[in-house]
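**Student:** Structure provided below as structure tokens; questions to follow.
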Amino acid sequence: MEGREVQAPGQMTVLLVEDDSVVRHGVAMGLMSHHVNVLEAGNGDEALHICQTHGGGIDAAIVDISMPGMRGDEVGGQMATIRPGMPIIYISGHTQETLLSRGVLSGYEIFLPKPFQPSELAANWRKFCKK
């Protein structure tokens with residue numbers, strides 16, 4: 001499945017990487033309500049393809065940690081190589097403490113536990129994506 005871009009009347013562009021299509025759609029709609037352009041990817045391979053081929057800027061990525069295939073932290077590491085300096089916000093249904101204890105996160109990442117409100121997400125990425 002190819003990633004898709006949903007345009008909203010805004011200046012920010014966020015790459016959303018989430019394997020659950022219902023969650024992905026809900027987060028995308030919530031971001032669009034905050035005037036964010038959303039690039040959607042259903043898995044790590046799609047996300048990396050978008051990072052490599054998207055002609056415009058990507059102001060931040062929102063990456064689910066638990067996905068089939070590549071874990072979100074692995075995808076984030078590769079995206080950081082392709083687009084250095086792009087902030088990555090990790091999301092997960094697991095607690096941050098669990099992810100830290102398993103060595104998935106180091107504690108320096110931006111992290112939001114699921115479920116969250118779009119306004120909570122927007123407040124976090126805006127801190128790191130100022131133009």
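**Student:** Quick one: how many Å² of residue 45 are accessible to a 1.4 Å probe, rounded to 10?
**Tutor:** 110 Å²
**Student:** Given 0.36 nm per residue, what is the gain on full extension from residue 29 to residue 81 after removing their alpha carbon distance, in nm? Spell out each step's value before the answer.
**Tutor:** Working: separation 52, 0.36 × 52 = 18.72 nm, distance 2.82 nm.
Once the chain is fully extended between residue 29 and residue 81, it gains 15.9 nm.
**Student:** From the phi of every residue in the stretch 95-103, what ³J(HN,Hα) in whole Hz does the Karplus formula 6.51 cos²θ - 1.76 cosθ + 1.60 yield, where θ is phi - 60° and glycine or proline is x?
**Tutor:** Once rounded to whole Hz, the list reads 6, 4, 4, 4, 5, 5, 5, 8, x.
**Student:** How much accessible area does residue 29 have with a 1.4 Å probe, in Å² rounded to the nearest 10?
**Tutor:** The accessible area of residue 29 comes to roughly 80 Å².
**Student:** Further, regarding this structure: Report relative contact order for the stretch 34-75 in percent, whole number only (criteria: Cα-Cα under 8 Å, sequence separation at least 6).
**Tutor:** Computed value for the stretch 34-75: 40 percent relative contact order.
**Student:** Still on this model: HN-Hα J couplings of the stretch 63-71 from phi, Karplus 6.51/-1.76/1.60, θ = phi - 60°, integer Hz, Gly and Pro as x?
**Tutor:** My calculation for the stretch 63-71 gives 10, 6, 6, 9, 9, x, x, 6, 5 Hz in order.
**Student:** Residue by residue through the stretch 15-29, what is 3J(HN,Hα) from phi via Karplus (6.51 cos²θ - 1.76 cosθ + 1.60, θ = phi - 60°)? Round to whole Hz and write x for glycine and proline.
**Tutor:** 3J(HN,Hα) across the stretch 15-29, in whole Hz: 8, 9, 10, 8, 6, 7, 4, 5, 5, 4, 5, x, 5, 4, 5.
**Student:** Before anything else, pin down the relative contact order of the stretch 1-123: Cα pairs under 8 Å, at least 6 apart, normalised by residue count, whole percent. Mind showing how you got there, number by number?
**Tutor:** Working: 215 pairs, mean separation 29.0, N = 123.
In percent, rounded to a whole number, it is 24.
The values are calculated or read from the model by the stated rules, or taken from the named source; none is laboratory data. This is a predicted model, so every value here is computed, not measured. Accessible surface areas use protein heavy atoms only, side chains included; no ligands, DNA or RNA. Shrake-Rupley method; radii C 1.70, N 1.55, O 1.52, S 1.80 Å.
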